[in-house]
Amino acid sequence: MIKKESKNNVRKRRHSRIRKTLSGTSEQPRLNVFRSNSEIYVQVIDDTTGKTLVSSSSIVLKLANGGNIEAAQAVGKDIAAKCKKAKITSVVFDRGGNLYHGRVKALAEAARENGLEF
C-alpha cells in the first residue's frame with residue numbers, strides 16, 4: 001500500500017530547496033512568511049547576523065479572523081509600514097514553501113503596494 005506524505009512535510013521539503021539559494025543580508029533582508037490555518041505571520045530577517053529586524057502577524061494586529069485574505073492584506077500593509085520606519089526598502093521574498101497564491105500572494109501584493117520592493 002502506498003503511503004501519502006503529509007502536506008506539511010512536502011512544504012518543508014520545498015522550503016529547504018528554496019532556502020538553499022535564498023538568503024537575506026543587511027542591505028536586502030529576507031521577508032519570511034508562515035501561514036497556519038488560523039493566522040499568518042511575517043518576519044524580516046537578516047541571515048548574516050541571524051536577527052529578526054521587523055515582524056508582524058494577524059495576532060499582533062488583533063484581527064477577528066486571521067486566516068483569510070483580508071487579514072493577509074492587513075499584515076502585508078503593516079509589515080511594509082514597519083519596514084519603512086526601520087529604513088528597509090528592499091527585501092528578498094521567502095514564501096516559506098507555500099504556493100504563491102491566496103493569502104501568501106495577497107500579503108506580497110499588499111506589501112508591494114505600500115512601498116516594499118521585491
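Taken together, the values in this text are just the output of simple stated rules run on the coordinates, not laboratory data. Please read these numbers as outputs of a predicted model, since none were measured by experiment. Don't worry about glycine lacking a Cβ; one is built from the backbone with ideal geometry, like all the others, and counts go over all protein chains shown.
Pick out, in residue order, every one of the trypsin sites (Lys or Arg not before Pro) in region 71-101 that is DSSP loop and has at most 10 other C-beta atoms within 10 Å; say none if there are none. Can you show the working numbers first?
Values: sites: 77, 82, 84, 85, 87, 95; in loops: 87, 95.
Sparse-neighbourhood loop trypsin sites (Lys or Arg not before Pro): 87.
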Can you count the Lys pairs in the chain with C-alpha separation below 24 Å, eight or more apart or on different chains?
-> 26
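Loop only per DSSP, at most 11 neighbouring Cβ atoms within 10 Å: give me the trypsin sites (Lys or Arg not before Pro) in region 33-73, ordered by residue number.
Values: sites: 35, 51, 62; in loops: 62.
When the trypsin sites (Lys or Arg not before Pro) of region 33-73 are filtered for loop state and at most 11 Cβ neighbours within 10 Å, 62 remain.
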Say a site is exposed when it is one of the GluC sites (Glu not before Pro), sits in a DSSP loop, and has at most 11 other Cβ atoms within 10 Å; what is then the longest site-free stretch of the chain?
-> 28-118
So what's the angle, to the nearest 10 degrees on a 0 to 90 scale, between helix 103-113 and the longest Cα principal axis of the chain?
-> 20 degrees
Restricting things to alpha carbons, tell me how big region 25-113 is in terms of Rg and Dmax, in Å.
-> 12.0, 36
When the dipole is taken about the Cα centre of region 25-113, and only Lys, Arg (+1) and Asp, Glu (-1) are charged at their Cβ, what size is it in debye, to the nearest 20?
-> 140 debye
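Restricting to DSSP H runs of at least four residues, report the calculated mean residue ellipticity at 222 nm for the chain, -39500 (n - 2.57) per run over all residues, nearest 500 deg cm²/dmol.
About -11000 deg cm²/dmol.
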